[in-house]
Amino acid sequence: MKQIIFLFALILFLSACQTIKDKKMTEITGIDSSLSPGDNFFNYVNHKWYDTAQIPPSQPGVGAYMFMNYPQRLRLQGILDSVSKADNPTGSIEQKLGDFYGSGMDTSTINHLGYEPVKPLLTKIDQISDISSLLKLVTDEAKMGNNSILGFYIGPDNKNSNLNIAHLYQTGIGLPDKDYYFKTDAPTLAIQQAYKIYLAKLFELTGSDMATAIKNANIVYGIDKQIASSHKTNIELRDVNANYNKIAVNDLAKRESNIGWQKILNELGAKTDSIDVGQPAYYDKLNSILKSVSINDWKIYLKAYSLNNYADLLGAPFVGASFEYNKTLTGQSVQKTRGEKMASQVDQLLGGALGQLYVKKYFTEAAKQRALELVNNLQQAFSARIDKLDWMSDSTKQKAKEKLFAITKKIGYPDKWRDYSNVNIAKGKYFENVVSASSDNFQYQLAKLNKAVDKSEWFTTPSTVTAYNNPSANEIVFPAAILQPPYFDNNADDAMNYGGIGMVIGHEMTHTFDDQGAQFDKDGNVRNWWTKDDYEKFKTKTQQVIDLYNTFTVLDTVHIKGAMTVGENTADISGVAVAYDAFKMTKEGKDTTKIGGFTPDQRFFISVARIWRVKMKDEFMRLWANNNPHSLPMWRVNGPLMNSTHFYDAFNVKPGDKMYLPNKDRIHIW
Ligand SMILES: [Zn+2]
């Protein structure tokens, strides 16, 4: 597959140049020319838009980036609405999609059932009598997608990337991250409180009196907190080697004798001699608290986790309780419409089927070809940049280029679609439909165990506005949905596209060489390919990135977490630099003719600032800054541009401007 793409890449590269005349000039709106571009370029480009943009009450934010998934879901809803009304042959993907969606929209049946669908599970939890029956229930539920204390999954072996193995990941807490249990600032305390209220509400809705419900919520929270103490922070999770611990099942069974690993693996249907235990401290902790926490308290914990897992599939009071908690986290003021929720759920569970209908309606082969051409041009620009690096030895440069040209490029949608023949979807059976799709997903993943990795698989759906780099396959992936404005417009001039999707491509390409990506070789294995000296220099450079981003304030006491976001920031800094170099290879890039009052270079940087044009609720900014490995949008623009001398030249940024960094302090990695 790689070879075919290479050949293709070469042919396209030769015919890459577009003439400016052919292209519609994207009109640039929203710029506030009363502001100085060198003080805050994100504001300069987006201020007027920001002042008038309205955040829909059902959303935590509005604009580009992840918030484009809101209109995307409305598109999916349109597709699902029409298939649900059509007369589809039984077993066809249209029937499954339509009936799944229809069953989720049937709120009168769902509300009438209330929590009837989970009553058998609650009864089973009541019947738990010891650790063994507790773990049996946990395992049965994991096979249906309800992961409480068991973070089991199948994925490539980081040190043998062609083989899928079993992995265990830390899990078992309800708040977004361990820090939420230990921080004592007012916004965190409010979230802890909202979470406890939510837990109590779940007990109340299933028959407990208020005093018992509150008592139970505190028991669950107490277990959560004990578990959280064993978790790694989201910064510690970035260390690839420290989170790889392949352990023989026999040894693991001895080490964690209360868990009974052999039995769990048998129940799961996972035949394996070893497991990569990502975070052993969590499973060691689980092993000890399985004994120290009473069976009765564990039953309460499992009820809460199961009710939380299924809340959105139950009657309105459960959905409402779940929303109230999420509201505190995200700031979103009203619930999403049922249709939007169903569209995103169908996309999540039957994405390979919905994706087929989506690309048929919304994606063109021309967009795919143009995007591939940009990817190829950026690859050439990246290679030229490696040649020019002044801090790296020739031998490491050679290895870096081998890795660069070994990258697999996926654009638009998968070559082969996932099969859902084992998923049973029936009208009016919403809960059962979700369980069937989730169970099928578990079996689909499990079937990969000890098998060769299928490198053609995608880990996002075509309708999702995102892009990713998968280091274990050394691949970069751009789904159909990101190939639309403001990222990409097949009719726009090169400055807009290179500053837009070009930056995204450069960003994903740089992930191949960020703090984590740099630890993987060209075949996707964690293996050192650096000289010691070069790797030390690289680490000094990534430390500069951490130090710079630590200085950025998001809100009151909230800062960008430099160490958590270093990979993304590195990808942003070099992503813009590579995209700029590739742009300069185009006809427009070599020109100086102004369009709409701006030079081609200025249009390039304006485009960079437009693709992160986003407005968010404060709560959501806080949630983002605490957990998201990406910097907030303003810093995805200003951070890289503070380090771009070409940006300084384009907008005449001078000492005294707030974004100005002296030349010696500008970070150049790739
Ligand atoms: Zn990224």
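The values are calculated or read from the model by the stated rules, or taken from the named source; none is laboratory data. If you're wondering where the values come from, they're calculated on a predicted model, not measured in any experiment. All Cβ positions, even for glycine, are placed from backbone atoms using ideal geometry, and neighbour counts span all protein chains on display.
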Exercise for the section: From TRP635, TRP612, TRP670, grab the single residue that is among the aromatic types (Phe, Trp, Tyr), in contact with a Ser or Thr (Cβ under 6 Å, 6 or more places away or on another chain) and modelled with pLDDT of 95 or more. Expected result: TRP670
Problem - Of the criteria (1) surrounded by fewer than 16 Cβ atoms within 10 Å (Cβ to Cβ); (2) within 16 Å of the ligand (Cβ to nearest atom); (3) over 22 Å from the mean Cα position of the chain (by Cα), which one PHE459 fails - result: (3)
Handout entry: Failed condition for GLY104, given (1) farther than 20 Å from ALA353 by Cα; (2) assigned to a helix (DSSP H, G or I); (3) not hydroxyl-bearing (Ser, Thr, Tyr)
Key = (1)
Completion exercise
If we keep only residues of the range 74-103 that are of a type in the set (Gly, Ala, Ser) and more than 19 Å from THR464 (Cβ to Cβ), then the residue surrounded by the fewest Cβ atoms within 10 Å (Cβ to Cβ) is ALA86
Practice task
Take ILE411 and decide whether it is in the same structural domain as ASP521 (by TED's automatic domain parsing), within 29 Å of PHE382 (Cβ to Cβ), within 16 Å of the ligand (Cβ to nearest atom) and not in a loop (DSSP other than H, G, I, E, B).
Solution key: no
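Can you tell me which of VAL240, VAL249 is among the β-branched types (Val, Ile, Thr) and modelled with pLDDT under 95? Can you show your working first?
Values: VAL249 fails: modelled with pLDDT under 95.
None of the other options fit; the residue is VAL240.
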Exercise for the section: Return only the number of the condition from (1) closer than 28 Å to LEU641 by Cβ; (2) surrounded by fewer than 23 Cβ atoms within 10 Å (Cβ to Cβ); (3) without any contact (Cβ under 8 Å) to a residue 40 or more places away in the chain that PRO486 does not satisfy. Expected result: (3)
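Yes/no per residue for (1) touching a Ser or Thr at 6+ places or on another chain (Cβ under 7 Å); (2) in a helix (DSSP H, G or I); (3) of a type in the set (Asp, Glu):
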| site | (1), (2), (3) |
| --- | --- |
| ILE546 | no, yes, no |
| GLU568 | yes, yes, yes |
| ALA577 | yes, yes, no |
| ALA582 | no, yes, no |
Problem - GLY589 on the phi > 0 side of the Ramachandran plot and either in the same structural domain as SER383 (by TED's automatic domain parsing) or within 16 Å of the ligand (Cβ to nearest atom) (or both) - result: no
Exercise for the section: Might you let me know whether the range 500-513 holds any residue that is touching a residue at least 40 places away in the same chain (Cβ under 8 Å), of a type in the set (Phe, Trp, Tyr), away from the ligand (no atom under 16 Å from the Cβ) and not assigned by TED's automatic domain parsing to the domain that holds PRO156? Expected result: no
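Regarding ALA571, is this residue within 22 Å of ALA64 (Cβ to Cβ), among the hydrophobic types (A, V, I, L, M, F, W, C) and within 25 Å of the chain's Cα centre (by Cα)? Explain how you work it out, then say what you get.
Values: within 22 Å of ALA64 (Cβ to Cβ): yes; among the hydrophobic types (A, V, I, L, M, F, W, C): yes; within 25 Å of the chain's Cα centre (by Cα): yes.
Here the answer is yes, as ALA571 does meet what is asked.
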Fill in the blank from the handout: The one condition TRP261 fails out of (1) surrounded by 15 or more Cβ atoms within 10 Å (Cβ to Cβ); (2) in contact with an Asp or Glu (Cβ under 8 Å, 6 or more places away or on another chain); (3) modelled with pLDDT of 95 or more is (2)
Problem - Given (1) in a loop (DSSP other than H, G, I, E, B); (2) in the same structural domain as GLU402 (by TED's automatic domain parsing); (3) more than 16 Å from the ligand (Cβ to nearest atom), number of the condition TYR535 does not satisfy - result: (1)
Problem - Conditions (1) touching a helix residue (DSSP H, G or I) at 6+ places or on another chain (Cβ under 6 Å); (2) among the β-branched types (Val, Ile, Thr); (3) crowded, with 24+ Cβ neighbours inside 10 Å; number of the one not met by ILE611 - result: (1)
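Based on what the data block shows, is VAL576 closer than 18 Å to THR233 by Cβ and either crowded, with 23+ Cβ neighbours inside 10 Å or more than 16 Å from the ligand (Cβ to nearest atom) (or both)?
Values: closer than 18 Å to THR233 by Cβ: no; either crowded, with 23+ Cβ neighbours inside 10 Å or more than 16 Å from the ligand (Cβ to nearest atom) (or both): yes.
Against the criterion (closer than 18 Å to THR233 by Cβ and either crowded, with 23+ Cβ neighbours inside 10 Å or more than 16 Å from the ligand (Cβ to nearest atom) (or both)), VAL576 does not qualify.
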